[in-house]
Amino acid sequence: MTDGGGGWARAVARDWPALEVAERSGWRLGYSHGVTKRANSAVALAPDADPDEPGRFYRERGLSAVVQVWPGDEGLDGRLAERGYRVVEPSLVLARDLPGRPGSGTGAVVVGKGPEYGPGGDGTRETDVTARIMARAGMAHAVREDGSARGCAALTGDLMGVYGMATRPDARRRGYASQILAALLGWGHANGARRAYLLVVAANAGARALYEGAGFAEAGRYHYRVLDTAGPR
């Protein structure tokens, strides 16, 4: 990867891995049956990556072409724009140090590894693919005992990434997301994490307020470029 984003693109690819990965024509191309943009998008490995390759790759799989654009990819960003790619979801990398053990949440939150802690098996392809992505990354899961909120974290060395934060609609605005986040940060610190990061859509003011209130601050930016190449599947 071009690493113009300060290494964040590499961390994201490692911590939320695609089920199928191909490297060709200057790209790392991920495919996970269309479940999440991160796991179904292309990241440039070189500044001269062929701007037509993502379109070919995703067209073969019946998906729109999605490209992550990080700082340092400005020239490529322009070439994608010329080919009709539109900007979607400008996003932020938020990070914070973990110099001391954070509060570990409440007894209502359980943290553990393994499929019994992962997303419930509701039989949908989205849930199945998400569970496979999480298992591949060796994630730890934090879940409220009543199932109303959850999140997960991937840990590599002293860096942890927080992913999959979700609260059931009928349980929002009760502080449950803060409990999940605190539990994950506590787990991470106990297992050697000294820095944590997460990703958030820039326009999501509510999520940003939650994370900034927990000590996270902007550490990077990126956006997606999307070209509608999807055909019959």
I want to confirm something. Restricting to the range 134-166 and keeping residues that are over 12 Å from the mean Cα position of the chain (by Cα) and among the β-branched types (Val, Ile, Thr), which single residue is farthest from residue 94 (Cα to Cα)? 143
Go through the range 149-181 and count every residue that is farther than 22 Å from residue 201 by Cα and hydroxyl-bearing (Ser, Thr, Tyr). 1
Please tell me if residue 157 is out of contact with any Cys (no Cβ under 9 Å at 6 or more places or on another chain), modelled with pLDDT under 90 and loosely packed, with under 14 Cβ neighbours inside 10 Å. no
Would you mind finding the one in 131, 207, 202 that is of a type outside the set (S, T, N, Q) and at pLDDT below 95? 131
Go through the residues of the range 179-197 one by one and say whether even a single one is modelled with pLDDT of 95 or more and closer than 30 Å to residue 83 by Cβ. no
Have a look at 185, 227 and point out the one that is buried (at least 22 other Cβ atoms within 10 Å of the Cβ), in contact (Cβ under 8 Å) with a residue 60 or more places away in the chain and not small (Gly, Ala, Ser). 185
Are there any helices (runs of 4 or more DSSP H) wholly within the range 1-107 with 2 or more residues that are surrounded by 20 or more Cβ atoms within 10 Å (Cβ to Cβ), at pLDDT 95 or above and more than 19 Å from the chain's Cα centre (by Cα), and if so which? 53-60, 74-82
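The values are calculated or read from the model by the stated rules, or taken from the named source; none is laboratory data. Just so you know, these numbers come straight off a predicted model, no measurement behind them. All Cβ positions, even for glycine, are placed from backbone atoms using ideal geometry, and neighbour counts span all protein chains on display.
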